[in-house]
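First up is the structure itself, then whatever we jot down about it.
The values are calculated or read from the model by the stated rules, or taken from the named source; none is laboratory data. Fair warning: this is a prediction, and the values are worked out from it, not measured in the lab. So basically every Cβ, Gly included, is an ideal-geometry build from the backbone, and we count neighbours across all protein chains shown.
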Amino acid sequence: MSVTELLEPVLTGGVRNAHFFNGRVLTAEDLRALQLAVASRQEQLGQAIGDCIVTGFEVSLDPTSEWNRPVVTIRKGLAINRRGDPLALTGDIQVALVGEGAARAATEGEFAACDQATVTLTNLGLYILVVLPASGFEGRVPMTTVGMEGISGSCGSKYAVSGVRFRLVRVALGSDPDPQSLASRVTKLATELETQIGQLPPPNQPQPTVAAAEVLRKISLLRSGIAHLCFGSEERLKATDDPLARGITRNSGPFTSGLLGEFRVSGALTGCDVPLALVYWTSKGVRFIDQWAVRRRLANESELEAAAGLAVRLQAQRQLADLLAGSSLLVAPGSFTARDYLFFLPSVLVLDPSIGLDPLAFTSGLVTRGPLFIEGTQLEQLLAQAALYHSSRVETEEFWWMYHVRENAQAVDAGRIVASHRCQLLVSGHLPDITVCRFDLARAEYSNIAIGMACAS
């Protein structure tokens, strides 16, 4: 290996730009070289940023679509993939999940590297809906060749238009020798559900209450389990057994694990793809669409762990809202418990009575301390801090804080807001205690000490 001197340019593997000067004959290849140079720089930036959703791209099942041919609504938005391509959807669209699309020829657009065939849904199970770049040509312009003295002999395309398209990536659940591992439990659930859902009548017919309620519970467990396989929650907990193996003494960046990381390594998810949602497709239609299991917001390197923690909390909040909205008359709201319907709990969870959740029933079996009061000024800090803490298994015997927001409790008690908007938080006991009463800040009726006792200064 040769020795490089200080200030000596290192050009090996560098980005090659077309060099323009007066008198040079320009060809399409020269301009293409310029485009490739810009694309190379974009790719380098994309690798630094990572795939992310900047805004929009929310996915929801169209309630008017037929159960055997589901259609999803995708909201307009902006995303960036790992190749640095900006993916812009300028208006809301509807996408049919069942159907066959032909793969584009590699010469038909700019994004030949991102060409993928559309999946035809012939296998039931879990899929990741992703957005990736697409391009096509618009308009025609006259084209001349060298020696024709400016006389047009044919035409070419005027514009190469950048756009997006969508595809599905199948989530193949592997085997794990440990029957108590999350992967094994999720695989077993998926196998049981395939049989049990197949025995139910179509969704547009009356459902047997007991069987449908049990299917609902198992689907909730499956959704929680697959989400935390994507998050890598189990690996994160195991990593604390040997922190040095994780490389905490080096600037190793955020901890990356889980199904999404595995799919990146295997190539199932390419640098062109930005995951939008996890879809569970069954013989009786789509049973859930989970966005936050795979969706990540824009964040710099120092914020990636917090962004992942936010996704964990929002996934759980959205799942509970969907579960209670879809339970109808199958399950009484007071029957929803964390241990029956979830595998993991985020480090902080807002227990929202307005969606029909009974906080007391939901936390049944958990070790809790409280309810205690916190000040509203502490709420945002608590949520931000909790995003940096690991999720916990629902089987844990470790305690959880039960918090009420003091200002919210006062407003409910005074009748300024309805009782169903009483804000309660379930917070991991690993987070610091923030309920310390302070002199001249505590309210006797909404403090964590007995009336008449002195507050700590």
Yes/no for SER65 being within 30 Å of GLN205 (Cα to Cα), surrounded by 12 or more Cβ atoms within 10 Å (Cβ to Cβ) and among the hydroxyl-bearing types (Ser, Thr, Tyr): yes
Evaluation of GLY23 against (1) surrounded by fewer than 10 Cβ atoms within 10 Å (Cβ to Cβ); (2) of a type in the set (Gly, Ala, Ser); (3) under 35 Å from the mean Cα position of the chain (by Cα) (one fails), failing number: (3)
Flag for ASP92 being at pLDDT 85 or above, over 16 Å from GLY285 (Cβ atoms), crowded, with 17+ Cβ neighbours inside 10 Å and not aliphatic (A, V, I, L, M): no
Enumeration of residues in the range 173-198 that are assigned to a loop (DSSP other than H, G, I, E, B), surrounded by 12 or more Cβ atoms within 10 Å (Cβ to Cβ) and at pLDDT 85 or above: SER181
So ARG313, is it closer than 29 Å to GLU398 by Cβ, basic (Lys, Arg), at pLDDT below 90 and buried (at least 18 other Cβ atoms within 10 Å of the Cβ): no
Answer residue from the range 287-305, given it is within 27 Å of PRO353 (Cα to Cα) and more than 13 Å from the chain's Cα centre (by Cα) and is surrounded by the most Cβ atoms within 10 Å (Cβ to Cβ) among those: PHE288
In the range 269-298, the residues that are in contact with a strand residue (DSSP E or B) (Cβ under 7 Å, 6 or more places away or on another chain) and not in a strand (DSSP E or B): LEU269, CYS272, ASP273, GLN291, ALA293, VAL294, ARG295, ARG296, LEU298
Odd one out for ARG369, checked against (1) in a strand (DSSP E or B); (2) among the charged types (D, E, K, R); (3) surrounded by 17 or more Cβ atoms within 10 Å (Cβ to Cβ): (3)
